[in-house]
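The structure appears right after this line, and notes come after that.
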Number of protein chains: 4
Amino acid sequence: MSMNSFGHLFRVTTWGESHGPALGATVDGCPPGVAIDEAMIQHWLDKRKPGQNKFTTQRREPDQVKILSGVFEGQTTGTPVQLMIENTDQRSKDYGDIMDKFRPGHADITYWQKYGIRDYRGGGRSSARETASRVAAGGLAREAIKQIAPNVQISGYMTQIGPHKIDRAKFDWSQIEQNPFWTPDASAAEDWAAYLDDLRKSGNSVGAVVEVVARGVPAGIGAPVYAKLDTDLAASMMSINAVKGVEIGEGMAAAELTGEANADEIFMGQNGPQYSSNHSGGILGGISTGQDIVVRFAVKPTSSILTTRKTITKSGEETEIITKGRHDPCVGIRAVPVGEAMMACVILDHLLLHRGQIGENRGRIG
Amino acid sequence: MSMNSFGHLFRVTTWGESHGPALGATVDGCPPGVAIDEAMIQHWLDKRKPGQNKFTTQRREPDQVKILSGVFEGQTTGTPVQLMIENTDQRSKDYGDIMDKFRPGHADITYWQKYGIRDYRGGGRSSARETASRVAAGGLAREAIKQIAPNVQISGYMTQIGPHKIDRAKFDWSQIEQNPFWTPDASAAEDWAAYLDDLRKSGNSVGAVVEVVARGVPAGIGAPVYAKLDTDLAASMMSINAVKGVEIGEGMAAAELTGEANADEIFMGQNGPQYSSNHSGGILGGISTGQDIVVRFAVKPTSSILTTRKTITKSGEETEIITKGRHDPCVGIRAVPVGEAMMACVILDHLLLHRGQIGENRGRIG
Amino acid sequence: MSMNSFGHLFRVTTWGESHGPALGATVDGCPPGVAIDEAMIQHWLDKRKPGQNKFTTQRREPDQVKILSGVFEGQTTGTPVQLMIENTDQRSKDYGDIMDKFRPGHADITYWQKYGIRDYRGGGRSSARETASRVAAGGLAREAIKQIAPNVQISGYMTQIGPHKIDRAKFDWSQIEQNPFWTPDASAAEDWAAYLDDLRKSGNSVGAVVEVVARGVPAGIGAPVYAKLDTDLAASMMSINAVKGVEIGEGMAAAELTGEANADEIFMGQNGPQYSSNHSGGILGGISTGQDIVVRFAVKPTSSILTTRKTITKSGEETEIITKGRHDPCVGIRAVPVGEAMMACVILDHLLLHRGQIGENRGRIG
Amino acid sequence: MSMNSFGHLFRVTTWGESHGPALGATVDGCPPGVAIDEAMIQHWLDKRKPGQNKFTTQRREPDQVKILSGVFEGQTTGTPVQLMIENTDQRSKDYGDIMDKFRPGHADITYWQKYGIRDYRGGGRSSARETASRVAAGGLAREAIKQIAPNVQISGYMTQIGPHKIDRAKFDWSQIEQNPFWTPDASAAEDWAAYLDDLRKSGNSVGAVVEVVARGVPAGIGAPVYAKLDTDLAASMMSINAVKGVEIGEGMAAAELTGEANADEIFMGQNGPQYSSNHSGGILGGISTGQDIVVRFAVKPTSSILTTRKTITKSGEETEIITKGRHDPCVGIRAVPVGEAMMACVILDHLLLHRGQIGENRGRIG
């Protein structure tokens, strides 16, 4: 019941602070024989890496992963895999002035109240830098999934920045890699660039919505109550820094539907059941239907902005603060690969859990 | 890592099917010396019980809880508490015709695909009846919380049915117990009654939004990553049957805000920090701020409706189905006490977890 | 991390006290499709049941198990199985005089010190009656094992009572069911009967050693550090009431051996590796070799004896106590089916865990 | 339920192989505010370090620990502590000839059978080098214990090498640090030196018994069934490489005692209950009595010996092997600090778990 761990069988424990020597992920329960090297994991870290375009923080951190254990001659051995990322561009001087002031919207105050000690350089443990560890673990999970369910494809993308949503009619999978927002709507990407540029210049920030889809997941993974696939997905996405809401399929909009409108009718396809629609987001009773698994989450605006905000100090004095430093105007952008990583970890974990309890899918239809 | 368990230290395992002999909750880790009896738990079960008014299912189940262990002479002993509810009004004949047909929107098909066997009488394990076990556990959690953090108050209520939302300006805590929807907006309650009556008569159903608030929770509970208070709340709410979305504080709407608008500025009050607003829902970095903890979740419309829907059989033949039986036109109503119970369990669990790791709150301000 | 649970995937939570309404086991993670009914579990409970001969306590408890969930039409459904045993012959008057006095060797004093409250009727939660729940869970585990590894055979037997050990030269599997001690040495059984009869008449008690062997376990189950097969076996046996020592293979005697004497040399047999000996008890590096898994544990003498012993009361006064009541002169006898049950649960759990992480055995030899 | 983790609240995950870049321990759940630095942990690693005298392996590994996270300005922050030890003296050439041959008594064959891949350089994950990670974690646990229960003292020592046991009459705590065997019997130390010298020269090895005692542990820690203090101690000791038996208090000898002889009578001392003896090893019903916690474990002889032994290859051919290299004639010696470390981790974990569930000790006597 480690507080910093997630997963049942594929179990990831992340460790490290934004300004300590290193951070990483201790991954237990990975199947043996998964072909992996540092470059394959680095690929996903590079996607999350800061400083890639003007819409993300200008901190430059190579975020170079090292595999310290659990891999031998290019394959996992089935023993714990340690994925370490050393911190290099720490510039702790940027943070010196917040040693005693609590930044509104950050976890400075709650960490202090809980622990009575905090690494005030950056967010310490509460920094979004922690998500690099998850992306590394997710890179490993993706390769392990290939071994067990090779048809699974996991893709994340933005569907909204501030009030601006994509037009679902313009959804084009091939566009996702073509713009800095990882959005499938090319025209939205253009509009968003202008919008975000203004926001960045004014020192403000904005929230976003990220959607992550897993295609090709076999029917039958997940289990009742606390191994429900949606339970674990909700937890994994909500555990990402700045996330305030998580939706499966229709999500919050399900409240507005009638039973008639919400029904996903079932037909018989050539390769098993097919559905008239996917309001359920590919999950019924916590177990996958074989349809696309669809998760969506909202990321709040970066709390580090250039507007003066009222706050207090450790000694309880009222004061003001401007959070300088190099920050993302929309952290939602860099949350895309993080959401993908969490999806990969959850899907792999449930594939293993299902195999453990059941063996192979048992109930055949037709 | 029991699949049917939740909680770190206050750990609840639910068991049982809708039409078996009984169901219940095995509760481990409850503090000793908590004054409890069956009536105190029954109080909360009665709130959830079906058949109380025309807006909930007309099944009549007394849902009478029995304490089988862990309580001696009116107090918990610190050993596992077994809370059992016997099933009485099973009428399994209602379900005979769905032995081979999968009801759209229900977990019939996924349970079959996963396990290759399912209790087809009602939803079996996937029935919302399972939530009675959670309400029982939540009743115990409420009493244990009184011992540790006596100022905590947990209240759930509906804020939306179908497209109809409450008017936040009319929010009145005292109204919640006065109407069948547990809504704090008395005029909404009237409108909803008429709306739902029509819907019920037409054999249709509708979704809803439930909000659960915990007031008086001390600052400092929760912990990074997978013991984040919001992570555990998201999981606990998403694990409730029919829930499709979970929000903390601003929730999905956080996507639309700018950093300026979203900032909860901090001031110094007489009893510690105070905030200009509560966009965060009382949680920063996964740890409580001392403000109200605010969680919201959307419940999809009941899938059992009187409209014919297309589906398939176990042998893969296409067919149609009408789900007769006695069902709720809006399961959201009965989800209110369930949401409260999950909040109670999560809050207690984190109070214990904090006490275990830290002892008492460490970081004082001022 | 429930305190009253064990197992990774096949997870058993026991609950209940000796003199409450009932006790039982909540079993999560059982594979679906396992043929089971109450009689199959009752078979094992009857083996443990008190009052069968003059060497076990004369309490009469039918120990009748009821399956309350997780089984449908004679097969497990893959959801939690609740196994309940109602307490019938409680005679709490036997225990009235120990309400305030702590019985030496019993957990009365530590439960009081820990919890500040205890069910003083019998041992409450600390009573060996708790082991009935384990035997029930073990009965289910045995049936599930048949599905996955049908060659596994689990047998427990006594090898020592007080100073009297069996003669290994006379070991005969077929004798085990033929005597009240479940010992494979028929002549030892005769000697022990006389010895124990004397002891019983004098109101004294004695310890014992029980050995449990699992034959036919495939090579490769177990995993490093805390899922080592021997780690889990040691924990599971030590968790049985009154157990003070656990050995794998050579056990404590390994200390006396030289490396030359201890080496199990490896040869190639028709169906895989074979070994010249089994000093290791069938486990190397925490993983099964395919040889017999051999576990041994020592049970201390029953603490309830008819000799006056000095003790104190709750208020700290010194006093004396004689523990009347109906007790076993050698609880080791009834520990045999309990040890078997724990072995069955551990073996099943590791079969599932292995299947989850690895799929099938991967490394072939030859 | 990570396979490579142990502990409930103070949770340690070890990772790494003997010949990879590094190994270490990821420690979650450590209380904040514990004063710690690398030197304090190094102290215990140095005690375990090879090459200190002629009775331990002549490999030279500095075993230098680095703290990578969770410590800020000399104190723990309450977030995960990463303790890393880089491997330096790897000399993998020593192991080249065992790439395809399985060493008898080692886990080479079972790792291969389980995973289908193994790091054949040294034992890889199954090497006793893994225990360095535990010693590091134990060093941290010791400092955390000081914060919560400052009177706790943990000491390990050898009581037997091969057939040679200490004389309990000569037990002298002050001798433990004075000889290379950490034994409290000075005259035994002399005899053992001669005995082991002969053994080492002949290329043979021998087993040993190690006893670990925790003094000053408050009454009341531990909990039923799977959080029993003795359950967790048995698991933690049995999980150490080469351990084949674990005893609490009387241990296996409890089998030979009568109830009269085994009774620890209770008296009232000035500071609470006192006992006439400690057959129980300080634990009743899984909960500490306040007496010394006494654990003993047997370590088998090193399997790497200079005698030719028969074995097979990966392809199933029969062959012979001599395990050259630099090995310990008695690995029991270096198991002493490992046993102490495990005791420290278990005691801390249970102190936290008790504080979490109970708060403070509840039941007062007198």
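The values are calculated or read from the model by the stated rules, or taken from the named source; none is laboratory data. Predicted model, so just to flag it, every value in this text is computed and none were measured. Cβ: placed from backbone, ideal geometry, glycine included. Neighbour counts: every protein chain shown. Surface areas here come from the heavy atoms of the whole protein model, side chains and all, with no ligands, DNA or RNA. Shrake-Rupley method; radii C 1.70, N 1.55, O 1.52, S 1.80 Å.
To the nearest whole number, what is the average tally of beta carbon atoms from other chains within 10 Å of the beta carbons of peptide A:27-35?
Working: counts 3, 15, 9, 1, 6, 11, 7, 1, 0.
Across A:27-35, the average partner-chain Cβ count within 10 Å equals 6.
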Practice prompt. Between beta-carbons, use under 10 Å as the cut-off and find the net charge around A:GLY105, counting Lys and Arg +1, Asp and Glu -1.
Written response: 0
Worksheet entry | Phi-based couplings in Hz for region B:282-293 (Karplus 6.51, -1.76, 1.60; Gly and Pro marked x) | x, 9, 10, x, x, 10, 5, 9, x, 6, 4, 7
Worksheet item: With every protein chain present, what is the per residue accessible area of chain D (1.4 Å probe, Å²)?
Response: 30
Response to the item:
The relative contact order of region C:238-349, taking Cα pairs under 8 Å that sit 6 or more residues apart, comes to a percentage of 23
Practice prompt. Using only Cα atoms, tell me the angle between helix B:186-201 and the longest principal axis of chain B; keep it within 0 to 90° and round to the nearest 10.
Written response: 20
Worksheet item: What does the charge count near A:ILE154 come to, summing +1 for each Lys or Arg and -1 for each Asp or Glu among other residues with Cβ under 10 Å from its Cβ?
Response: +1
Practice prompt. Please give every one of the aspartates and glutamates within straight-line cross-link reach of C:LYS146, meaning a C-alpha to C-alpha distance under 14 Å, and leave out same-chain neighbours fewer than 8 residues apart.
Written response: C:ASP349
Worksheet item: Using a label point 7 angstrom from Cα along Cα-to-C-beta, what distances in nm, from shortest up, separate B:GLY74 from the other copies?
Response: 5.0, 5.3, 7.3
Item to complete: List the distances, in nm and shortest first, from the label point of A:LYS170 to the matching label points in every other copy, placing each point 7 Å from Cα along the Cα-to-Cβ direction.
Response: 4.0, 8.9, 9.1
Worksheet, complete the sentence: If every Lys and Arg gets +1 and every Asp and Glu gets -1 at its Cβ, then about the Cα centre region C:174-285 yields a dipole, in debye to the nearest 20, of 400
Item to complete: Note down the relative contact order for chain B as a percent, whole number, built from C-alpha pairs under 8 angstrom at least six residues apart.
Response: 22
Item to complete: Provide the per-residue ³J(HN,Hα) series for region B:125-134, in order, calculated from phi with Karplus coefficients 6.51, -1.76, 1.60 and θ = phi - 60°, each as a whole number of Hz, with x at glycine and proline positions.
Response: 5, 8, 5, 5, 4, 4, 5, 4, 4, 5
Worksheet, complete the sentence: CD proxy, 222 nm, chain C: helix-only mean residue ellipticity via -39,500 (n - 2.57) per DSSP H run with n ≥ 4, per residue, nearest 500, stands at -8000 deg cm²/dmol
Worksheet item: Roughly how big is the D-A contact, given as buried accessible area in Å² (both sides, 1.4 Å probe, nearest 100)?
Response: 3200
Worksheet item: What does the charge add up to near A:GLY281, with Lys and Arg as +1, Asp and Glu as -1, over the other residues with Cβ less than 9 Å from its Cβ?
Response: -2
Worksheet item: Taking the Cβ-Cβ separation of D:ALA169 and C:ARG215 as r and a Förster radius of 45 Å, what is the calculated FRET efficiency to the nearest 0.05?
Response: 0.50
Fill in: region B:222-292: relative contact order as a whole-number percent, Cα under 8 Å and 6+ apart
37
Worksheet item: B:LYS49: which lysines have alpha carbons under 19 Å from its alpha carbon, excluding same-chain residues fewer than 8 sequence positions away?
Response: B:LYS66
Fill in: Protection proxy ranking, peptides C:139-151, B:36-48, B:287-299, average beta carbon neighbours within 10 Å, highest first
B:287-299, C:139-151, B:36-48
Worksheet item: If we hang a label 7 Å off Cα along the beta carbon direction at C:THR88, how far is it from the matching labels on the other copies, in nm, shortest first?
Response: 2.5, 7.1, 7.5
Worksheet item: At a Förster distance of 41 Å, what's the computed FRET efficiency of A:ALA35 paired with C:HIS43, Cβ-Cβ distance as r, to 0.05?
Response: 0.25
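Keeping the other protein chains in place, figure out the carbon and sulfur percent of the accessible area of the protein assembly as shown, with a 1.4 Å probe.
46
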Practice prompt. Using only atoms on other chains, find how many Cβ atoms lie within 10 Å of each Cβ of peptide D:201-213 and report the average.
Written response: 3
Discussion item. Compute, for the protein assembly as shown, the length of the dipole vector about the Cα centre, with Cβ point charges of +1 (Lys, Arg) and -1 (Asp, Glu) only. Units Debye, rounded to 20.
Written reply: 0
Worksheet item: For A:GLY269, which sequence-distant residues (separation of 5 or more, or a different chain) have an amide H within less than 5 Å of its own amide H, given hydrogens modelled in the peptide plane?
Response: A:GLN274
Worksheet item: How many nm separate the modelled label positions at B:ASP97 and D:LYS66, each set 7 Å beyond the Cα in the direction of the Cβ?
Response: 7.0
Worksheet entry | Shielding by other protein chains, B:121-129, mean Cβ within 10 Å | 3
Worksheet, complete the sentence: If the label point sits 7 Å along Cα→Cβ of A:ASP198, residues of region A:146-174 with amide N under 14 Å come out as A:162-164
Worksheet item: What is the total of Lys pairs in region D:195-323 with C-alpha atoms under 22 Å apart, excluding same-chain pairs fewer than 8 positions apart?
Response: 5
Worksheet item: Can you list the aspartates and glutamates whose alpha carbon is less than 14 Å from that of B:LYS47, not counting same-chain residues fewer than 8 positions off?
Response: B:GLU61, B:ASP63, B:GLU177, B:GLU340
Discussion item. How tilted is helix C:332-358 with respect to the longest principal axis of chain C? Cα atoms for both, answer in degrees (0 to 90, nearest 10).
Written reply: 40
Worksheet item: So which residue of C has the beta-carbon closest to the axis that swings C onto A, and how many whole Å away?
Response: C:GLY356, 1
Response to the item:
Calc'd 3J(HN,Hα), region C:80-88, phi into Karplus 6.51 cos²θ - 1.76 cosθ + 1.60 (θ = phi - 60°), Hz, glycine/Pro = x, comes to x, 9, 9, 10, 10, 10, 7, 7, 10
